[in-house]
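Participant: Below are the structure tokens for one structure; questions will follow.
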Amino acid sequence: MTANTMTLKSYLTVIILSTITLIIAVSGGLLVFVTKQTYLDGVSQRGIELARVIANDMKVVEATARANQGQLQSLRPYIESIRSKTDASYIVITNKAGIRLSHPQPERVGERFIGEDIHPTLEQGVTRTTVATGSLGSAIRNFAPIQVNGDTFGAVSIGYLNQSITDLLFTYYLEAIIWLGFIYISAIILTLSLLSKLKRTFLQYEPEEIVQRFQEHSLLLGSIREGIIAIDRQHKITAINDAASFWLAPEQSHDKLIGLPLEELSQGLSLLIVDSLSKRNKHSITLGRHDFAASLYPLSDESSESGYLIVLNHEQDMSELEQELTRTTAYAHQLRAKTHEHNNKLNVISGLLQAGKTQAAIDYLQQESDLHQNMLGALVKSIENSPVAGMLLAKYNYATEHQIAFTLDEDSQLKHYRQSVNDDLITLIGNLIENAFYAAKQNPHAAPCTDFFISDRTSYLMITVTDSGQGVDEKIAQRIYDLGVSSKADQTQHGVGLYLVSRIVQRYNGSLDWERTDDDTTVFSVYLDKRELEP
């Protein structure tokens with residue numbers, strides 16, 4: 001994560017708080033508008049109704065009629081007693097000429113009404129509401145005509161001053177603001193609580209990190225040689241790697257196994273889960289033709305058991321298998337080569353002696369001794385590593401017995417390394433030479449021959465094995481280093497050699513290549529960094 005990348009918590013906080021703020025602001029604005037409009041509509045309606053009631057009051061009608069005849073009579077005490085019982089700011093009664101018969105301020109009784117908005121009521125008998133400024137200030141003014149038999153005698157004006165309305169509305173707004181503030185703060189607290197819970201659920205990882213971890217998890221599961229199966233409380237598969245999928249259901253993709261009950265794939269594993277209780281257990285189990293050690297690990301969350309992790313291992317560890325295979329193969333080849341070699345030579349010498357050809361028997365012994373001396377001399381001169389030299393001598397004996405020309409390059413050189421490296425070199429070289437012998441013998445168009453070169457003069461250990469075989473079959477050329485892949489007719493006992501070679505090369509961060517040369521030979525080349533061999 002870069003420094004300027006917004007975290008999940010920050011991003012969600014900004015988004016959620018912005019949304020909440022916008023909702024609260026819009027809701028507050030709508031509330032203010034609706035409240036004000038509703039109140040003003042209510043004020044207008046109440047004012048008109050009150051004006052109509054007063055306009056039909058006989059005392060008001062009679063006083064207005066007399067005022068129109070020049071007999072002005074103040075209605076202020078009577079009207080003010082009515083106003084005090086309402087929320088109106090003022091109630092003004094005028095005659096036909098607009099002369100006030102009542103007003104909250106006594107000195108203004110008898111004066112003309114201020115404002116042109118009263119004329120439609122006096123002249124046409126219209127009931128109406130306006131917003132205008134009078135002697136008391138800006139107000140909502142409601143007008144109703146005073147009429148008798150359709151004749152207009154005067155008008156009733158009931159006003160609600162804007163300042164009074166604003167003060168009253170502020171009380172409503174203040175209460176609404178308090179509630180909106182409470183909702184806003186509560187939403188912030190809930191949001192922060194949710195984000196905190198979300199971060200704990202994601203183990204403090206950001207989305208990009210979660211995706212990266214998931215990809216690493218998938219790659220890791222796919223590369224593990226052991227079978228890995230994860231199941232939930234209902235014993236349904238939640239994760240499975242390629243190895244376990246191949247052993248349990250080789251005909252199905254492991255993606256299709258997710259969600260299936262474990263008992264559908266293996267009754268044995270399902271029973272092991274039931275018997276394991278809540279402890280880590282290790283059991284032996286047979287799946288198909290394979291014997292496995294099944295290790296069970298309970299998976300638990302904060303509250304209770306949430307499932308199991310099952311790890312399937314072959315009963316024989318792979319490292320032990322590699323060593324056992326290497327030792328057994330080397331011993332078998334050496335013994336077989338020595339047995340056949342000595343039997344054949346003894347038969348030849350015995351025949352020559354029985355035939356009385358003593359000199360010929362002596363020459364034959366000398367010839368065999370020279371061949372061995374030549375090879376021994378080359379090994380002693382070039383190969384200081386005794387275990388590797390012994391293995392090469394065994395390969396030479398095998399090649400001699402099977403009429404394979406085996407040549408050690410004169411420029412070869414190899415010094416001694418620690419025991420673990422020597423063991424790996426024996427495994428690597430032995431398998432490459434054996435494969436070369438097999439390939440050379442299978443080519444009917446050329447005499448079987450194999451050339452071997454090894455050198456650690458530079459910063460790299462270089463190994464090349466050349467054979468006169470027909471090359472690698474194109475059908476398996478892209479996967480010859482995979483376990484079980486072999487060009488031999490009987491693959492049940494093969495497909496391990498090049499796999500072991502590739503494993504060793506990877507262990508020392510080296511490279512392994514092969515090519516078909518122009519002279520119809522196949523060359524396998526290995527390069528190992530000597531720094532990896534000499535820690």
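The numbers here are math on the coordinates, done by the rules we state, and not lab data. All of these numbers come straight from a predicted model, not from anything done at the bench. Neighbour counts are summed over all protein chains in view; Cβ atoms, including those assigned to glycine, are modelled from backbone coordinates with ideal geometry.
Participant: Work out how much length LYS357 to LYS475 would gain on full extension: take 0.36 nm times their residue separation and subtract the Cα-Cα distance, in nm to one decimal.
Facilitator: Length gained between LYS357 and LYS475: 37.0 nm.
Participant: Still on this model: So what is Rg over Rh here for the range 12-168, counting just Cα atoms and using Kirkwood for Rh?
Facilitator: 1.18
Participant: What FRET efficiency do you get for ASP529 and ILE15 if R0 is 51 Å and r is their Cβ-Cβ distance, rounded to the nearest 0.05?
Facilitator: 0.50
Participant: Right, here's the next one. Between THR517 and SER350, how many nm apart are label points set 7 Å from Cα along the C-beta direction?
Facilitator: 4.2 nm
Participant: Taking a ≥ b ≥ c as the square roots of the Cα gyration tensor eigenvalues, with a/c under 1.5 meaning rounded and otherwise prolate when a/b beats b/c, else oblate, which class fits the range 372-533?
Facilitator: Oblate is the answer for the range 372-533, as a/c is 1.5 or above yet b/c matches or exceeds a/b.
Participant: Shifting gears a bit: Can you list the residues, at least 5 places off or on another chain, whose amide H is less than 5 Å from the amide H of GLN413, using H built in the peptide plane?
Facilitator: Here ILE454, SER455, ASP456 satisfy the definition.
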